[in-house]
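Heads up, the thing below is written out as structure tokens.
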Amino acid sequence: MLVLMVNIKVKPDRRDEFIAAIREDAEGTTTKEEGNLQFNVIQDSDDPDRFFLFEVYRDEAALDAHRQMPHFLKYREATAGLYAEETVRRMGTNVFPDDAGWAS
């Protein structure tokens, strides 16, 4: 199990564009990728221009496949100029639930 956590700050005047792009990517990821087990997009309650992504993939191969999907490539292109600061990405492995706790 591979967990990707992403912290994104977008330019205030580009927030709606970001939301549209990430929604399309998230929908594609959750409906078209067998190796994706979870994809959450969270908007910060105190800063509406900050977003957190919480993504769970079966393994590294599933994440690599995600990065080649048309919906991800479209998202990457659409958001290239929207960030207000450098995006922070963290990878991890889940402690709870263990792999048996995730739907296959």
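The values are calculated or read from the model by the stated rules, or taken from the named source; none is laboratory data. Note that this is a predicted model, so its numbers are computed, not measured. Cβ sites come from the backbone with ideal geometry, for glycine too, and all protein chains shown count toward neighbours. Note: areas computed on protein heavy atoms with side chains; ligands, DNA, RNA excluded. Shrake-Rupley method; radii C 1.70, N 1.55, O 1.52, S 1.80 Å.
Restricting segment 7-42 to residues that are surrounded by 15 or more Cβ atoms within 10 Å (Cβ to Cβ) and more than 17 Å from His71 (Cα to Cα) leaves a set whose member that is farthest from the chain's Cα centre (by Cα) is Arg14.
When you look at Ala80, is it open to solvent by less than 90 Å² (accessible area, probe 1.4 Å), small (Gly, Ala, Ser), assigned to a helix (DSSP H, G or I) and within 24 Å of Val10 (Cβ to Cβ), yes or no? It is false that Ala80 is open to solvent by less than 90 Å² (accessible area, probe 1.4 Å), small (Gly, Ala, Ser), assigned to a helix (DSSP H, G or I) and within 24 Å of Val10 (Cβ to Cβ). Taking (1) more than 17 Å from Arg89 (Cα to Cα); (2) at pLDDT 95 or above; (3) surrounded by 14 or more Cβ atoms within 10 Å (Cβ to Cβ) in turn, Asp47 satisfies each apart from (3). Only one of the numbered conditions (1) free of Cβ contacts under 8 Å to residues at least 24 places away in the same chain; (2) part of a helix (DSSP H, G or I); (3) of a type in the set (Asp, Glu); (4) under 21 Å from Glu85 (Cα atoms) is violated by Asp25, and that is (1).
Do we find a residue being in contact (Cβ under 8 Å) with a residue 12 or more places away in the chain, small (Gly, Ala, Ser) and loosely packed, with under 12 Cβ neighbours inside 10 Å anywhere in segment 62-74? Walk me through how you get there before you give the answer.
Our first condition is that a residue be in contact (Cβ under 8 Å) with a residue 12 or more places away in the chain; within segment 62-74, this holds for 62-63, 65-66, 69-72, 74.
Then drop every residue that is not small (Gly, Ala, Ser), which leaves 62, 65.
Going one step further and asking which of them are loosely packed, with under 12 Cβ neighbours inside 10 Å, we end up with none.
The answer is no; no qualifying residue exists.
If I filter segment 35-75 down to residues being small (Gly, Ala, Ser) and in a helix (DSSP H, G or I), which single residue comes out as farthest from Leu2 (Cα to Cα)?
Here is the first cut: in segment 35-75, the ones small (Gly, Ala, Ser) are 35, 45, 61-62, 65.
Pick out the ones that are also in a helix (DSSP H, G or I) and you get 61-62, 65.
Numbers: Ala61: 10, Ala62: 9, Ala65: 13 Å.
Within segment 35-75, the match that is farthest from Leu2 (Cα to Cα) is Ala65.
The selection criterion, being open to solvent by 50 Å² or more (accessible area, probe 1.4 Å) and aromatic (Phe, Trp, Tyr), holds for Phe54.
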